[in-house]
1. Among what's in region 1-29 and is surrounded by fewer than 16 Cβ atoms within 10 Å (Cβ to Cβ) and within 16 Å of Val58 (Cα to Cα), pick the residue that is nearest to the chain's Cα centre (by Cα).
2. Please find, within region 11-45, the residue that is nearest to Met1 (Cα to Cα) out of those that are modelled with pLDDT of 90 or more and of a type in the set (A, V, I, L, M).
3. Report every pair of residues separated by at least 6 positions or lying on different chains whose Cβ atoms are under 9 Å apart, first residue within region 42-67 and assigned to a loop (DSSP other than H, G, I, E, B), second polar (S, T, N, Q) and at pLDDT below 75.
4. With the checklist (1) in contact with a helix residue (DSSP H, G or I) (Cβ under 7 Å, 6 or more places away or on another chain); (2) surrounded by 18 or more Cβ atoms within 10 Å (Cβ to Cβ); (3) at pLDDT below 85 in hand, flag the one item Leu81 doesn't pass.
Amino acid sequence: MQVGTSLFFVDQIIEWISDGTHRFWLYFEGEEVDVIDKQNEASGRLYLTTEGAGFPPVVLLSLPRTWIAQPPLPASGGRRLA
């Protein structure tokens, strides 16, 4: 996942969200939506989705493949993903 000019593994983004180090969000249909991590019930694997969504993460999957996130901020400041 590209954040600013840096690339990060999705697992790193999930870890930041899980431990509260960083907060990510995006704008979807004119509203700010938090990006969160959830656990897939069947596999037990964590994945990224948006608040109020489930699996598959439809909002995230609808983003252009080349979207660029901003560098992460501490959880208190948050960070917009798209």
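The values are calculated or read from the model by the stated rules, or taken from the named source; none is laboratory data. Since the model is a prediction, treat every value here as computed from it, not as a measurement. Here the Cβ positions follow ideal geometry from the backbone for every residue, glycine too, while neighbour counts run over all protein chains shown.
1. Among those that are surrounded by fewer than 16 Cβ atoms within 10 Å (Cβ to Cβ) and within 16 Å of Val58 (Cα to Cα), it is Tyr27.
2. Applying the filter and picking the extreme gives Ile14.
3. Here the result reads Thr66/Gln2; Trp67/Gln2, each pair linking region 42-67 to a residue that is polar (S, T, N, Q) and at pLDDT below 75.
4. Condition (1) is where Leu81 drops out.
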